[in-house]
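Here's the structure we're looking at; comments come further down.
The values are calculated or read from the model by the stated rules, or taken from the named source; none is laboratory data. Computed from a prediction, not measured in an experiment: that's the story for all the values here. Glycine gets a Cβ as well: all are built from the backbone with ideal geometry, and neighbour counts include every protein chain shown. Just the protein is used for accessible areas: all its heavy atoms, side chains included, with ligands, DNA and RNA removed. Shrake-Rupley method; radii C 1.70, N 1.55, O 1.52, S 1.80 Å.
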Amino acid sequence: MGSSWSSEEERQPLLGPGLGPGPGAARRREAAAVLPAVGAGPGPGRVYGRRWLVLLLFSLLAFAQGLVWNTWGPIQNSARQAYGFSSWDIALLVLWGPIGFLPCFAFMWLLDKRGLRVTVLLTSFLMVLGTGLRCIPVSDLMLKRRLIHGGQLLNGLAGPTVMNAAPFLSTTWFSADERATATAIASMLSYLGGACAFLVGPLFVPAPNGTSPLLAAESSRAHIKDRIETVLYAEFGAVCLIFSATLAYFPPRPPLPPSVAAASQRLGYPRSFCRLLSNLRFLMIALAYAIPLGVFAGWSGVLDLILTPVHVSQVDAGWIGFWSIVGGCVVGIAMARFADFIRGMLKLILLLLFSGATLSSTWFTLTCLNSVTHLPLTTVTLYASCILLGVFLNSSVPIFFELFVETVYPVPEGITCGVVTFLSNMFMGVLLFFLTFYHTELSWFNWCLPGSCLLSLLLILCFRESYDRLYLDVVVSV
């Protein structure tokens, strides 16, 4: 069924017995061009222990970026009282994340031309500026709100690197049997940072409702503002430490490549974009990733707002968001490790994950409509449905990233992942934009979840997988 989505040449193996004329010869000659580089010197296959330190520093940076991005969603009720934020302000604070992806391809060009070190240093410096801007002490609330918005925008500009560079890092530093695991760790830590915001915010910042001590209105506002500023200063300090560590040690690449794919040449930018936009198989799987993950990211950013009508407190909403993303991170890393051991199973893993996502998102949506469906609306059912949804969707991210790179190899990893994350953030931005006008009625937002998951499931089912990069590593290295 999937054969109709690709040309006869695309369906040929990347390397075959011989490189002469015949079907797929152009792609085989293109791949064979890397062999002289591979043969020069001692050859690829060397891995270094320092790769784990590089992965740790990048993962901490991704964690901090996700934490800063999701600072305001879990404490939106407290932020309204402390700084006079409106519903538009709350939505815009989340929206700065996808807006920061507008210069996405400039960062990916920098990654491809200047390497990891320069790109990561620039990214971490933007985060230092952004978190520092939010901490400037001013008494004028209007000016303070503008500084906070500016800080969130600068942090959003760090998003393209932390979201897209994970496959590039794993290919550069890790062997073929560790790539999926490294991609999962580097990409999942950003989501884990967003999850910790659900925990840190509600635990350190009191809510302006019955769950907080009964104080006078003005003293309560001042107390909430002081606690929020404590969180902002703590995030600023953590980002400064990470920037200092990356400045001290973050090499752009190892002395010797860990695999044949790491040593191979990549296509240039014009050819890469032409390859991506003309590859219907890639466009299918890109939409299968971008639509549901974009919807879920926007939904998670305003989860507190969504659960308020069903009388879920800010603290409970924080715990639901926290465990849904933490579960997805744990399962995502486990799935990636499984994919490293059992190769060539990425499509099957995605089918299983999105089947579960479709069912759990439908369960959550119908539970919120208990007046019609008469399903029990309890803390247990909300916890279970949200956590399962987060597990299934978040754990699919590293599997998608690996499948993208395999499908369009030798297109550079940064460009490939940049295109799909740009699409995902575009969908999230559109949804959040509509949310600013229809924030009083959010049932339509809940229905977007099962609809997008079902659409993605159908696209994955029709997708014909290929493993060109893996085939190159296995055949040439042997």
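Listing for the model above:
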| quantity | calculated |
| --- | --- |
| From phi via Karplus (6.51, -1.76, 1.60), per-residue ³J(HN,Hα) for region 268-280 in Hz, x at Gly/Pro | x, 4, x, 5, 5, 5, 5, 4, 5, 6, 9, 9, 5 |
| Overall form of region 55-119 per C-alpha gyration tensor (a/c, 1.5; a/b vs b/c) | oblate |
| Shape category assigned to region 230-343 from the gyration tensor of Cα positions, a/c cut at 1.5 | oblate |
| Within the accessible area of region 219-331 (1.4 Å probe), percent carbon and sulfur | 70 |
| Per-residue ³J(HN,Hα) for region 113-129, Karplus 6.51 cos²θ - 1.76 cosθ + 1.60, θ = phi - 60°, Hz, x for Gly and Pro | 8, 10, x, 5, 4, 4, 5, 5, 5, 4, 4, 5, 5, 4, 5, 4, 4 |
| Candidate lysines for bridging to LYS144, where Cα separation is under 16 Å - those fewer than 8 sequence places away on the same chain excluded | LYS225 |
| Projected label distance in nm at LEU256 and TYR233, using a 7 Å step from Cα toward the beta-carbon | 5.1 |
| Heavy-atom accessible area per residue - region 235-305, 1.4 Å, Å² | 36 |
| Whole-angstrom gap from region 271-303 to region 104-153, using each part's C-alpha centre | 25 |
| Formal net charge of residues neighbouring VAL68 (Cβ-Cβ distance under 12 Å; K, R +1; D, E -1) | 0 |
| Inter-probe distance in nm under a simple model that places probes 7 Å from Cα toward Cβ, at HIS149 and PHE204 | 2.5 |
| Cα-projected label distance for LEU348 with SER278, points at 7 Å along beta-carbon direction, nm | 3.4 |
